Each structure stands twice: as structure tokens, then as C-alpha cells.
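These notes are about the structure you will find just below.
Rule-based calculations on the coordinates, nothing more; no lab input. Given the structure is predicted, the values throughout are model-derived calculations rather than measurements. Neighbour counts are summed over all protein chains in view; Cβ atoms, including those assigned to glycine, are modelled from backbone coordinates with ideal geometry.
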Amino acid sequence: MRRMIFAFLLMFFALAIVVGCAKYELPSNPSPYVAITPLDADENGVIDGKDVQKIEAGVSTSYQSRVLPYFAKAGIKLETEEDIWTEENTNILKHKLTVAEWEQLIDGMQEWNKLRNQLVVTKAAAEGKPHVTDSGVVRNLAYQPNRLVPHLDDGRYILLTGIGVPTYASKYRRMADDLLYKLARNKKVRIEYDVIRTIKGDAYLQGYMHTNDCFVNAEMVARGYAKAVPSPPNSKYDSEFKRLEEEAKKAKRGIWALADDF
């Protein structure tokens with residue numbers, strides 16, 4: 001009987017230790033990073049909705065002159081714009097284009113995507129709607145070893161571009177997941193895109209996530225629960241993420257207070 005009681009107490013204390021080690025406090029201090037101004041808004045956050053036709057013309061011109069010619073040179077016939085960055089087409093482009101041509105295509109894609117984003121927000125402003133590039137409500141997280149992939153209420157998955165988190169084998173991963181939930185779960189978010197919008201055979205969208213309160217990608221890095229992981233050609237905020245990572249590491253915020261790297 002004594003042995004059974006001793007074994008029971010030993011199991012109880014072991015469980016208490018495990019549970020206790022799993023507990024931690026998320027930072028409650030204000031973020032060192034402030035939410036960015038919406039794309040194409042002025043310093044007061046106001047979007048001009050009078051130039052829809054002008055921007056539509058710019059989108060068409062950019063697509064016809066700075067994107068399509070490179071696909072034609074690589075022998076790729078595009079049926080729709082959504083066919084642009086399939087894995088097959090990307091591989092063909094990389095083999096058929098010179099380095100200089102590839103860089104020119106990336107520049108053209110960045111210009112074209114910026115204009116498309118401008119068109120979306122300008123149309124929304126002209127119709128009296130709030131600024132939105134793309135939006136949804138975060139419900140859960142999808143499994144990805146070193147990346148955060150929020151699952152939206154409409155079924156889409158959004159891989160957060162430019163940042164990485166500990167692998168699921170790490171004892172620190174839950175900390176990163178929990179902060180993401182705290183920042184965005186059950187909140188309406190806005191997705192800002194870069195050069196490439198899809199990944200893994202179009203199963204995932206990828207971009208930068210904003211709530212009304214913060215820029216989620218940057219917030220994760222600023223608080224020390226994610227680090228900068230370049231994802232070229234999507235590089236719009238790479239230097240900013242790296243700066244925030246260095247600041248968090250120096251201040252020993254989040255996981256940096258517990259580990260030298262993750």
C-alpha cells in the first residue's frame with residue numbers, strides 16, 4: 001500500500017512539474033511596433049477614391065508591358081492571371097530567363113501587384129467601404145513545422161510571409177502559437193500581398209496580416225516570438241523584420257529571454 005501511495009505521489013509531482021513548466025506569461029506591455037498606415041493612404045489614413053479608371057489603366061499597362069513579355073519569351077501562354085505563379089511556370093521561367101530578365105520580371109510583378117492593391121483600396125474608398133486588400137476572420141492555425149499559417153473562416157490558409165517560429169518539436173513553439181492567437185484569433189484581419197500570393201501548389205496564400213490594432217507579422221518578431229526569415233521575392237518588410245529581431249534579441253524579449261536562437 002505504501003509503495004502504491006508513494007508511486008501515486010511521485011506521478012502527481014511529476015505532472016505538476018510538467019504543467020508548471022508549460023505555463024508562462026505573455027507580454028502585457030505595449031508593443032514596441034505600431035500598426036502601419038494602410039496601403040496608399042495619406043498620413044491621416046484617408047484614401048482617395050477618385051482615380052479608379054486611371055489605376056485600372058495602369059494595372060493593364062503594367063501587366064501587358066512588364067509581366068506578359070517574359071512569360072511569352074519563356075514559351076508560357078497564360079490563360080488567366082491566376083496561372084502566373086504556378087510551380088510549373090516558375091520552374092520554366094527560372095530555366096528560360098537570364099538572371100537579369102528574372103530580376104526585371106520580379107520588379108514588374110512588384111509594380112503590377114502594387115497597382116492591383118491600389119485598385120482594390122481605391123474602389124473600396126469610392127464605394128464608401130473601409131480600406132481592404134483582402135480580409136477574413138482567423139479561426140485556427142494549420143500545421144507547418146517552422147511557419148505560422150492562420151486558417152481563416154472561409155477555409156483559406158495564410159502563411160505569414162517573412163517570419164519564422166520554432167519547430168513543433170521545440171518547447172517554445174506553443175508560446176509563438178499562443179501569441180498569434182492572442183493577437184488575431186476571432187478577429188477580422190486584412191491581408192497585404194507581395195510579389196507572390198500563393199505557395200505549395202496554391203494551397204496557401206501568403207502575405208502580411210493586419211488587425212485594427214497591429215501588424216501581426218511585425219508584432220510577432222517585435223515581441224520575440226518569431227524571427228526574420230526572408231522569403232524572396234516577397235521581401236517588402238525584410239529589413240524591418242530584421243531590425244525588430246535584433247531589438248528583441250538585445251532586449252531579451254519573449255523566447256530570446258530563454259534561448260540564444262530558435
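Distant-in-sequence amide contacts of residue 86, defined by a placed amide H-H separation under 5 Å and a gap of 5 or more residues or a different chain, comprise nothing. When you count the other C-beta atoms within 10 angstrom of each residue and take the mean per peptide, 53-65, 148-160, 91-103 line up highest first as 148-160, 53-65, 91-103. Proximity of backbone amide H atoms, modeled 1.01 Å from N, is registered between residue 231 and 162 at under 5 Å, excluding neighbours fewer than 5 places apart on the same chain.
Here the gap between residue 60 and residue 77, fully extended at 0.36 nm per residue and compared with their Cα-Cα distance, gives a gain of 4.4 nm.
Cross-link pairs exceeding 23 Å between alpha carbons, from the set 182/227; 188/252; 77/236; 227/252; 96/227; 171/249: 188/252; 77/236; 96/227.
Shown in residue order for the stretch 228-244 are the 3J(HN,Hα) couplings computed by the Karplus curve 6.51 cos²θ - 1.76 cosθ + 1.60 at θ = phi - 60°: 5, 9, x, 10, x, x, 7, 10, 4, 10, 4, 5, 5, 4, 5, 4, 5 Hz (x for Gly and Pro).
Label-to-label distance, residue 252 versus residue 169, with points set 7 angstrom from Cα along the beta-carbon direction: 2.8 nm.
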